[in-house]
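Quick notes on the structure that follows.
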Amino acid sequence: MDKNGKIKGKISIIDILVVLLIVVVIAGIAARYGSKVTTAVKSDKGFEYVLRVENVREYTVNALNRKGRVTDKKSEKDLGEIVDVKVENATQQSVTASGEVKNPETPGRYTCYVTIHATGKESDDNYILDDSTELSVGRNIDLYSKYVKTSGDIVSVKVLD
C-alpha cells in the first residue's frame, strides 16, 4: 500500500469495500427472491370452513341465521356464503376465591359456529380464497354481510368434493 492508500498504486481500500458491498447486496437479493420455490396452485376447489364467533348478543345470532353472502371489510370481496349456524350459550372462565376454575354461562350471550361455503385455490400447503384470503385454523376473519358485522376465528377447514 502506498502513501495515498492505494494497493500497488491502482486500487484503493474504498474501491474494494464498494465492490464487496455490491457483491453482498446481490447475494442477499438472490437468496431472498431466487431460492424460494413457489408451491404450485393445484386447482379451483370448494371449501367449507367454520368460524367460531364468541360472546355475541341475540341480535347477532338472529342476523347470522339470516345467512347470505359474507365479505371482508378491507377487500370487500366475497368470502363465501353462510350455510349453517350452530348456537351455544356463551361461557366465561372465572376463578373462585378458593382457586377453583369455573366456566359459568354468561346470560344473554352466545357462541356461534358459522359454517361458510366458498371457492378458491388449493396449493401444497394452504387454501386460498379467490380474494387471496388464506384459510387456516386459528386465523381471525372479519365478516360483513347485509345483516351483520362481526369477527371470528376459523376452527376447521375442509375441501368439498
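Below is a table of values for the structure above.
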quantity	calculated
Count of residues meeting criterion [part of a strand (DSSP E or B) and open to solvent by less than 20 Å² (accessible area, probe 1.4 Å)] in segment 116-141	7
Any chance K73 is closer than 13 Å to F47 by Cα and touching an Asp or Glu at 6+ places or on another chain (Cβ under 9 Å)	no
Restricting segment 66-94 to residues that are surrounded by fewer than 12 Cβ atoms within 10 Å (Cβ to Cβ) and at pLDDT below 90, the residue that is farthest from the chain's Cα centre (by Cα)	S94
Pair list, Cβ < 7 Å and 6+ apart or interchain, from segment 77-92 residues that are touching a residue at least 12 places away in the same chain (Cβ under 8 Å) to residues that are small (G, A, S) and in a strand (DSSP E or B)	L79/A118; G80/A118; E81/G68; I82/G68
Condition met for G108 (small (G, A, S), loosely packed, with under 15 Cβ neighbours inside 10 Å and assigned to a strand (DSSP E or B))	yes
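The values are calculated or read from the model by the stated rules, or taken from the named source; none is laboratory data. The structure presented is a predicted model; accordingly, all values stated were derived computationally and were not measured. Backbone-built Cβ (ideal geometry, glycine too); neighbour counts: all protein chains shown. Heavy atoms of the whole protein, side chains included, go into the accessibility calculation; ligands, DNA and RNA do not. Shrake-Rupley method; radii C 1.70, N 1.55, O 1.52, S 1.80 Å.
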